[in-house]
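S.K.: The structure that follows is given in the form of structure tokens.
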Amino acid sequence: MNNKYPIFSLILSFLLWVVVPCTGLFGLISTASAVEYNKVNLIEADFSDQDLTDSSFDHANLRYSNFNNANLRGVRFFAANLESANLTGADLTNATLDSARLIKANLTNAVLEGAFAANTKFDGAIIDGADFTDVLLRRDAQAKLCKTAQGINPTTGRDTRDSLFCP
């Protein structure tokens, strides 16, 4: 084979063998990777401002942990201990909070839209400005939350009391 353009051939080979496979790898890397923290002791851990989308903290001990302004969309906190955790401004949209302990947790301005919280304990939780739109709650938990519910969520513009269907 007679090659009239050796430089062109060299560049094309380089593109095929180096650049193309690398671009394929970059397409597989996502900006947020789901991580499993199941059954881990994470007392006072700092997850503030992190993107933890679809991560799992099932049965984890997260007392006094900081999730300030964290993206927790789709995160699983099944039976997790979040006592006195800071969830200020966190996005908990579609999170699983079933059987979690959010006792004395700070949920100020958090978005919990569509979260599953059927057996969650919210005793003493701060919920000023939290958005509970479409959250699955037990009636007794809803009644307790309504006693202290106040404020408007700055992200969604929804009234906390309205999102809880408080009387």
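S.K.: Give me Rg over Rh for the range 58-167, both radii from the alpha carbons and Rh done the Kirkwood way, two decimal places.
M.R.: Details: Rg = 11.9 Å, Rh = 13.0 Å.
We get a ratio of 0.91 for the range 58-167.
S.K.: Below 8 Å between Cα atoms, with a sequence gap of 6+, how large is the relative contact order for the range 107-150 in percent? Walk me through the numbers on the way to the answer.
M.R.: On the way: 68 pairs, mean separation 20.0, N = 44.
Over the range 107-150, the number comes to 46 percent.
S.K.: How many nm is it between the label spots at Leu136 and Asp123, if each spot is 7 Å from the Cα in line with the beta carbon?
M.R.: A separation of 2.4 nm, rounded to one decimal place.
S.K.: Could you derive backbone 3J(HN,Hα) for the range 146-158 from the dihedral phi with the Karplus parameters 6.51, -1.76 and 1.60 (θ = phi - 60°), listing whole Hz in sequence and x where the residue is Gly or Pro?
M.R.: Computed from phi, the couplings for the range 146-158 are 5, 5, 10, 5, 6, x, 10, 6, x, 7, 9, x, 8 Hz.
S.K.: Can you pull the semi-axes for the range 48-121, root of five times each eigenvalue of the Cα gyration tensor, sorted largest first, whole Å? Don't jump to the answer; show the numbers that get you there.
M.R.: Values: eigenvalues 44, 36, 26 Å².
Taking √(5λ) for each eigenvalue gives 15, 14, 11 Å, largest first.
S.K.: Test of understanding: extend the Cα→C-beta vector of Thr156 to 7 Å, then name every residue of the range 50-94 with backbone N under 14 Å from that spot.
M.R.: Residues passing the 14 Å test: 72-74, 89-94.
S.K.: Ordered by residue, what ³J(HN,Hα) values in Hz, to whole numbers, does the range 160-167 give under the Karplus form 6.51 cos²θ - 1.76 cosθ + 1.60, where θ = phi - 60° and Gly and Pro are x?
M.R.: My calculation for the range 160-167 gives 4, 4, 5, 5, 8, 6, 6, x Hz in order.
S.K.: Can you tally the net charge around Asp123? Count Lys and Arg as +1, Asp and Glu as -1, for every other residue whose Cβ sits under 10 Å from the Cβ of Asp123. Provide the component values of the computation, followed by the final result.
M.R.: On the way: positive: Arg101, Lys104, Lys121, Lys144; negative: Glu83.
Once all neighbours under 10 Å are counted, the net charge is +3.
S.K.: Here's a follow-up. Amide H neighbours of Ser56 under 5 Å, at least 5 residues apart or on other chains, H built in the peptide plane: list them.
M.R.: Amide H to amide H, under 5 Å and 5 or more residues apart or across chains, Ser56 pairs with Val35, Glu36, Tyr37, Arg76.
S.K.: For Arg73, tell me the accessible area in Å² from a 1.4 Å probe, rounded to the nearest 10.
M.R.: We get 100 Å² for Arg73.
S.K.: Here's something else I'd like to know. Write out the GluC sites (Glu not before Pro) in the range 37-114 meeting two conditions: DSSP loop, and at most 14 other Cβ atoms within 10 Å of their Cβ.
M.R.: Numbers: sites: Glu44, Glu83, Glu113; in loops: Glu44, Glu83, Glu113.
Filter output for the range 37-114: Glu44.
S.K.: Output wanted: per-residue J couplings in Hz (rounded whole) for the range 71-79, from phi through Karplus 6.51 cos²θ - 1.76 cosθ + 1.60, θ = phi - 60°, x for Gly and Pro.
M.R.: Karplus values, whole Hz, x for Gly and Pro: 8, 10, 5, x, 6, 9, 10, 4, 6.
S.K.: Taking 8 Å as the Cα distance limit and 6 or more residues as the minimum spacing, I'd like the relative contact order of the range 31-118 as a percentage.
M.R.: Details: 292 pairs, mean separation 19.9, N = 88.
RCO, the range 31-118: 23 percent.
S.K.: Just to confirm a number: summing +1 for Lys and Arg and -1 for Asp and Glu over residues other than Tyr64 whose beta-carbon lies under 13 angstrom from that of Tyr64, what do you get?
M.R.: On the way: positive: Arg63, Arg101, Lys104; negative: Glu44, Asp46, Glu83.
Around Tyr64, the surrounding residues sum to 0.
The values are calculated or read from the model by the stated rules, or taken from the named source; none is laboratory data. For clarity, every value in this text was computed on a predicted model and none was experimentally measured. Note: ideal-geometry Cβ built from the backbone for every residue, glycine included; neighbour counts use all protein chains shown. With ligands, DNA and RNA removed, areas are computed over all heavy atoms of the protein, side chains included. Shrake-Rupley method; radii C 1.70, N 1.55, O 1.52, S 1.80 Å.
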